[in-house]
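The values are calculated or read from the model by the stated rules, or taken from the named source; none is laboratory data. The structure displayed is predicted, hence computed values, not measured ones. FYI the Cβ positions are ideal-geometry reconstructions off the backbone, even for glycines, and counts take in every protein chain you see.
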Amino acid sequence: MFLNCENDKKRSFISGFLQILVVAILVSSILSGCDKEDLPWYQKKVIEDLTPQGQPNVSFDHCTLTDANIDTLVFGLHVHGEHQTSQPTLDAIDDIGLKWVLNGFHWPTIEGEKDAYRIAENYDHFFLAMAQRDVQVLMSVGNYWPTWLEDSEELKDELYELTKLLVKRYRPGGDFAQENGLGNYGVRYWEMINEPNYPCCGWGPHGGQQPVNSALYAELMSEMHRAIREEAPDVFILLGGLSSTDLYQDPIEFLDDIYSYGGKDAFDILAYHPYDQYQNLAATQAGLRLKMAEYGDGNKPIWITELGDPDLSTGPNGELSQVDLFDVSAAQFSDMEAFFWLGMHDFTGQNETWGILQNNQSPRQPIYNHVKAFVDSIYP
């Protein structure tokens with residue numbers, strides 16, 4: 001009897017405790033849910049990663065390198081966002097005599113819902129403006145994944161379909177060129193996701209901190225390569241520009257992973273962003289070539305496709321000004337096969353002076369005139 005009474009007390013205590021615990025969990029969940037609702041959409045979800053590190057489920061047997069001649073003496077500016085076809089932007093392109101720009105497709109903008117594409121509405125005007133000026137475009141694809149994606153298998157399938165649609169429309173002589181009487185004009189250079197070794201600016205949902213995973217990237221680049229070559233066998237494919245910052249996976253280590261997976265023939269050009277290595281770009285590229293040469297790929301072109309933020313670039317005496325950083329970098333142009341400066345515009349909501357145009361779209365001096373003088377010197 002005593003034992004039974006004690007057991008009853010214990011059961012009563014445990015039951016009460018569990019009820020309190022359940023209520024506490026529910027309250028916590030409600031409060032947590034309220035907090036999540038206050039977060040931007042891009043911080044609410046990242047793609048479930050089903051690919052184990054170092055073990056990609058991928059074959060590169062279908063990959064081929066192009067036989068076409070890759071351009072040299074390439075200098076361009078990043079053009080992006082809401083101002084990509086503003087009149088001040090187009091006036092600046094004309095005034096500077098710019099021959100190249102780099103832009104990227106924002107995936108959620110063109111496929112906000114699965115299979116509901118809005119490609120022409122968002123990018124035809126941009127490409128028409130570039131075609132009218134005979135400006136060549138390096139276009140990045142696969143950036144900022146929409147939040148309706150459920151897992152990496154769906155990500156691979158959808159990215160393949162999206163890439164095929166984009167290349168079919170905007171390749172040289174593609175649907176867009178045919179509809180507008182533009183002959184063989186179109187995108188000849190395609191980048192496969194910007195900065196895949198850095199979860200910030202293309203890899204994963206915008207701001208979502210998708211974990212860096214070279215194995216998953218290898219699977220995605222295999223699908224993108226397949227889609228590009230099926231629609232445009234002779235265009236040029238760039239490995240996603242690797243960031244030199246050491247905040248996430250080291251770029252040399254990431255590159256070694258891609259080669260070890262068998263991805264050598266999946267890209268025609270290596271893209272690189274030497275933010276903390278700009279002082280000696282010849283040495284920076286030599287270091288990359290050592291790794292490339294280990295896999296018999298030492299002669300492949302290296303394009304510097306992003307450089308520009310003064311806050312991330314430090315010299316012997318501290319941070320450089322925007323114009324000093326440009327001058328130091330541009331003075332090494334003879335050591336580069338291509339150089340894209342970031343960029344034409346500032347980023348909305350940020351204080352950094354990224355652009356050669358200010359937020360009000362007027363020229364920012366003295367950087368604007370320095371860029372113009374540099375373009376005059378290389379394209380007389």
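Points worth noting:
- Set side by side, the residues D124, D61 differ, and just one is within 22 Å of Q178 (Cα to Cα) and at pLDDT 95 or above, which is D124.
- Picking from residues in the range 127-148 that are hydrophobic (A, V, I, L, M, F, W, C) and more than 26 Å from D71 (Cα to Cα), the one that is modelled with the lowest pLDDT is W148.
Matching residues to (1) touching a residue at least 24 places away in the same chain (Cβ under 8 Å); (2) under 16 Å from the mean Cα position of the chain (by Cα); (3) outside any loop (DSSP other than H, G, I, E, B):
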residue	(1), (2), (3)
S140	yes, yes, yes
L149	yes, no, no
Q178	no, no, yes
G181	no, no, no
Y185	yes, no, no
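- Criterion: part of a loop (DSSP other than H, G, I, E, B), closer than 24 Å to N359 by Cβ and hydrophobic (A, V, I, L, M, F, W, C) - qualifying residue of L65, L98, L77: L98
- Remark: pairs (first residue in the range 88-101, surrounded by fewer than 17 Cβ atoms within 10 Å (Cβ to Cβ); second residue aromatic (F, W, Y); Cβ separation under 7 Å; 6+ apart in sequence or on different chains) = G97/Y379.
- Hits in the range 256-290 - residues which are hydrophobic (A, V, I, L, M, F, W, C) and within 16 Å of the chain's Cα centre (by Cα): F267, I269, L270, A271
- Within the range 227-274, tally of residues that are more than 19 Å from G308 (Cβ to Cβ) and either touching a residue at least 60 places away in the same chain (Cβ under 8 Å) or part of a helix (DSSP H, G or I) (or both): 29
- Within the range 175-187, tally of residues that are crowded, with 21+ Cβ neighbours inside 10 Å and either under 17 Å from P233 (Cβ atoms) or among the acidic types (D, E) (or both): 2
- Failed item in (1) closer than 20 Å to T147 by Cβ; (2) free of Cβ contacts under 8 Å to residues at least 60 places away in the same chain, with L220 passing the rest: (2)
- From W148, W203, residue being surrounded by fewer than 19 Cβ atoms within 10 Å (Cβ to Cβ) and either within 22 Å of I269 (Cα to Cα) or of a type in the set (F, W, Y) (or both): W148
Let's see how each residue does on (1) closer than 30 Å to T72 by Cβ; (2) of a type in the set (A, V, I, L, M):
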residue	(1), (2)
F127	yes, no
L165	no, yes
R169	yes, no
L182	yes, yes
C201	yes, no
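- F339 satisfies every condition listed in (1) in a loop (DSSP other than H, G, I, E, B); (2) modelled with pLDDT of 85 or more; (3) under 21 Å from the mean Cα position of the chain (by Cα) except (1).
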